Structures are given as structure tokens and as C-alpha cells.
Amino acid sequence: MKKIHLLLLKAFIRPFIVTFFIVMFVLLMLFLFKYIDDLIGKGFKWYVILELMAYAAATNVAMALPLSFLLSSIMTFGNLGENFELVAIKSAGISLQKAMMPLFILISFLSVGAFFYSDYILPKAFLKMGALLYDVRNQKAAFLIEEGIFNNSIPGYSIRVEKKEKDGDVLKKIIIYDQTKGVGNTNVTLAQQGEMYKTQDGNYLVLKLKNGVRYEESQGDRGFDPRQRLTRLRFKETEQKFDLSSFSFKREDESLFKNNYQMLNLKQLVHSKDSIINQTDSLKNAIFINSFPFYRILNEAKTYRKYRPKKIFLKGGLLNGLDKNQTPKSTFIYARDMAKSVVDNNTTRVVQLEEAIKNIRRYLVEYHKKFTLSFSCLVLFFIGAPLGAIIRKGGLGLPVVISVMFFLLFHIISTVGEKSVREGNMSPFLGMWLAVIILSPLGLFLTYKATSDSALFDVEIYKTWVKKVFRIKGRAN
């Protein structure tokens, strides 16, 4: 391998690693801002949040990798052009295509690795993150008593505190409604003062109440006695224990989420798609079997009406052949009910069929995503490398702006294509490969311009061209 190739590889790998981690950090912050309300105030351990962030980072690779290829390639060739190293390479008789060859081989290997990553690791990462995120979002907020507000977090109890001391454990003027029996507010406890603490295992909350009274309504001794009994109990000091097991963090079984389309590899996607196709065939057959007898009668009636009108309809009409005991009104009512029954049954099956077709499109979208990730890395590299050679600016200034613009263009086209596929307005292949199809010619065009030393982004050339146009118009006038 030539020294120039080693130079290009070293010049590319460093900014690639840096930009990859920068993009990953930005995406993680966006993820954290999105779900910050589900994480705050629920008493999670630090390792739970760290685990969730790790799974989120693993799922963000699919978006961070193409952007890193684009940004690092622009920075690499921009630095080489700014330091006149590309000029030295070309003066040595090495074309831009030959200079890019080792980088192309490296990007190809990374793209193949991205394919295997999206097929084996990404579904598992989505499964882990989806299951953990479900548990996090369904976790109750930590038990917190606020002044002057009824707290209903503990099942079966409603607690109100008039005032809390600075330490938060000493409470004043406490009201506790015990609703565990399911008969309303028939058990009320009032206390002037109380102290709150948790047991050592954290499973129970203990309220040590002082100077209070408890009122309880209950039925009489005999079940048929309509009178009720009111019990009043005064106390100097008592304790009431509350179960906090509903606040403990519980993990759901991950197998409940494994059939989601994002959590399947290629083989599982094909199997699930084929299963749903078989289901749609069964629904179509059911609709046909349910409708065919009536459809056949209608067709025969049309045929008779067209070819044999005198023998069937003109002599006896539509009601010809009915039993004498059957009235026309009852016949029409029976026909109407039968038609309504057929429509209702088919409507339910049609809704199921439409939902099955939507699921097929979802599986096809995810199936093509496994391949478009790899090809998008190659396309964005062939856009970024010649762009850097043309603009000849390195660093994190202009290259970042240009790379973000092109990545947004790529992402918008991909999103529009994916949405069109999900809505059934475009075929899965065309919709998922739309961005690659549109931007590939752009990459070839930029590569050609960079090879021919085109000053595509030279502002002075455009200024000169505009001045010439205005001069020609001025002479014409």
C-alpha cells in the first residue's frame, strides 16, 4: 500500500471517530429530552437510566453512521484541499479516484458491517429498549405528599396534609381516607401530628400518628338491619402502615414485545410477512365464500334480464315462483336482512384485511431498511468526499453546515418515501430506495466535478458570471 493511501486512511479515521461520537451524543441528548418527563421523579436507580441510554445509543447507530460518513469525508478531503495536499497527490500522477480507492474499500467493509449490525444487533437493541422504555413509562412516580393536596398514589388510600416541617418527615393536621373495602369514604382518620418513615426494606411506609380520632361506619350486627353503626376511636398515638409494592420497579417479559416489526431480523421478517399473507388469503376466501351465493344470483338475474326478459320477468315479475303463503313484504324484509348480514360480515373482514395489509407494508419497510442503511453510507460518502475536494475547507465550520444540509435532504426524502409506503401510495422498493436513487446521480456528478478540478462552489466565478450577464443586458438596452 502506498504512503498516500495510508495518509488518506489516517486522515479519514480520526474525524470519522470524532464525528461519530459527537453525533451519537447529540442523538442521545435528543432522546433524553424526549423522555425526560418519564424519568424524573420516579426514583430510578442510576444503572436503570444508564441501561436505557445504552440501548438508545445502540438504536441510534442507524442514523449516526451515515451522517458520520458524510461529515468525516467532507472534513477529510476539505483539509487535504485546504493544505494543497490534493494538488500534490494529483501532481504525482494519482487521480482522485485512485486516491479514494482505499477509503472506498474501507467504507465498503463498514457498510457490510452496518448491514449485519442492522440484521442481528439492531433488532435486539430495539427489543431491549422497547421493553425497558415500556416499564419506565408505566412506572408510578415516587410517593410524595404535598401540602394541602390529596394524594391518591397508594391504592385504596387518600391522604391530605395541611403542613409539613422543613425536614419533610413531620406532618401537621393529617386526614386519611381508607377506601380499601370499596364502600366509599366510610373510614376516616384525623390526627394533629404525625411522623413519616419507611421500613428498612423500603416496601412499607409507616405513619406514626399522634392525638387523633378515627371514624368508621359499618353495618349492624344483623344483615337485614337497615341501621348503620358509627364507631369513634380516640388515640394518643398509633401507627398505620401502607404497602409501597406498587412503586417498586418491575420488568415485563421481553417476549411480549418480540413480534414488533422493528425487533425482527431478515429471516423473521420474511416469515412474519408470509404468515400475514396467508392470513389475508384466508380473509379473501372468507369474503368470497360469504358473498358468492348472492353474487351468483345477482349475475343470473342480470343474465336473464338481458337475454330472456319475456319468459321470466314480463310474465310473473321478480316475485314469480314464490310460495302462496309468502307475502311480497316479508320477502323483501328477508332479502334486506340477508343483504345487511352479508355487508356486516364482510365489513368486519375488510377491516381485518386492511390492517393485515398495513402490517405487511410495515414488515416490507423494515426489510428494505436493512439494505438501505449500507447503501446510504456509500452514497453519502461519494457525496461528501468530492464536496470536500471542491470546497477545500476543513474543520467543523462550513463542512458541518454542508453535511447537515445534504443529510437533511437525504433524511427528508427517506421519510417521505417511507410514509408513502406505509400509506400504500408507493411500492415498498421504490419508496425505501427513493433517497438512494435520487442522490446517487448527485454523488456521481460531484465526483466528476471534483476529478475535473471544477470550481463548483467558487463564489468569484458566479460573481463574474452575473456581472457579464448585466453587461450584456446593458449593451442590449
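The values are calculated or read from the model by the stated rules, or taken from the named source; none is laboratory data. Owing to the predicted nature of the structure, the values given are computational and were not obtained by experimental measurement. Positions of Cβ are backbone-derived with ideal geometry, glycine not excepted, and every protein chain shown enters the neighbour counts.
Exactly one residue out of K45, K34 is under 15 Å from D135 (Cβ atoms), among the basic types (K, R) and in the same structural domain as V404 (by TED's automatic domain parsing): that is K45. All of (1) within 25 Å of H411 (Cβ to Cβ); (2) in contact with a Lys or Arg (Cβ under 6 Å, 6 or more places away or on another chain) hold for E82 with one exception: (1). Does L67 satisfy being in a helix (DSSP H, G or I), surrounded by fewer than 19 Cβ atoms within 10 Å (Cβ to Cβ) and modelled with pLDDT of 75 or more? No, not satisfied.
Could you check, for the stretch 339-351, whether at least one of its residues is assigned to a loop (DSSP other than H, G, I, E, B) and surrounded by fewer than 20 Cβ atoms within 10 Å (Cβ to Cβ)? The answer is no, given that none of the residues of the stretch 339-351 is assigned to a loop (DSSP other than H, G, I, E, B) and surrounded by fewer than 20 Cβ atoms within 10 Å (Cβ to Cβ).
How many residues are in contact with a Leu (Cβ under 9 Å, 6 or more places away or on another chain) and surrounded by 12 or more Cβ atoms within 10 Å (Cβ to Cβ) when one looks only at the stretch 1-17?
Total meeting the criteria: 9.
The residues of the stretch 254-266 that are more than 21 Å from R422 (Cα to Cα) and free of Cβ contacts under 8 Å to residues at least 40 places away in the same chain amount to a single one, S255. Restricting the first member to the stretch 174-185 and to residues that are touching a residue at least 60 places away in the same chain (Cβ under 8 Å) and in a strand (DSSP E or B), and the second to residues that are surrounded by 11 or more Cβ atoms within 10 Å (Cβ to Cβ) and of a type in the set (F, W, Y), the beta-carbon pairs closer than 7 Å and six or more apart or on different chains are I176/Y157. Within the stretch 396-428, being surrounded by fewer than 18 Cβ atoms within 10 Å (Cβ to Cβ), part of a helix (DSSP H, G or I) and under 21 Å from the mean Cα position of the chain (by Cα) holds for L408, L409, H411, I412, I413, T415, V416, K419, S420, R422. The listed residues are L8, L50, L30, and the only one of them that is modelled with pLDDT under 85 and in a helix (DSSP H, G or I) turns out to be L8. Across the stretch 33-47, the qualifying residues are those that are at pLDDT below 85 and hydrophobic (A, V, I, L, M, F, W, C), and the one among them that is surrounded by the most Cβ atoms within 10 Å (Cβ to Cβ) is F44.
What pairs come out if I take residues in the stretch 16-42 that are among the charged types (D, E, K, R) and pair them with residues that are at pLDDT 80 or above whose C-beta lies under 9 Å away, six or more apart or interchain? Taking only residues 6 or more apart or on different chains, the pairs are D38/L133. The residue pairs whose first member lies in the stretch 352-375 and is assigned to a helix (DSSP H, G or I), whose second member is aromatic (F, W, Y) and modelled with pLDDT under 85, and whose beta carbons are closer than 7 Å, counting only pairs six or more residues apart or on different chains, are R362/Y261; Y363/Y261; E366/Y261.
Just the residues that are of a type in the set (F, W, Y), in contact (Cβ under 8 Å) with a residue 40 or more places away in the chain and exposed (fewer than 15 other Cβ atoms within 10 Å of the Cβ), please, taken from the stretch 105-139. Before the answer, list the steps.
If we filter the stretch 105-139 for residues that are of a type in the set (F, W, Y), which is where we start, we get 109, 115-117, 120, 126, 134.
Among the residues that remain, those that are also in contact (Cβ under 8 Å) with a residue 40 or more places away in the chain are: 115, 117, 120, 126, 134.
Matches in the stretch 105-139: Y120 only.
Among the conditions (1) at pLDDT below 75; (2) closer than 30 Å to L39 by Cβ; (3) of a type in the set (F, W, Y), the only one that Y197 does not satisfy is (1).
Within the stretch 148-173, the only residue that satisfies the criterion of being surrounded by 15 or more Cβ atoms within 10 Å (Cβ to Cβ), assigned to a loop (DSSP other than H, G, I, E, B) and of a type in the set (S, T, N, Q) is S153. Here N325 fulfils each of the conditions (1) modelled with pLDDT under 80; (2) not in a loop (DSSP other than H, G, I, E, B); (3) not assigned by TED's automatic domain parsing to the domain that holds P102 apart from (2). Residue check: F44 meets all listed conditions (1) over 32 Å from the mean Cα position of the chain (by Cα); (2) not in a helix (DSSP H, G or I) but one, namely (1). Condition (residue is assigned to a helix (DSSP H, G or I), more than 30 Å from I4 (Cβ to Cβ) and either among the basic types (K, R) or modelled with pLDDT under 85 (or both)) applied to the stretch 112-129: is it met by at least one residue? The answer is yes; a qualifying residue exists.
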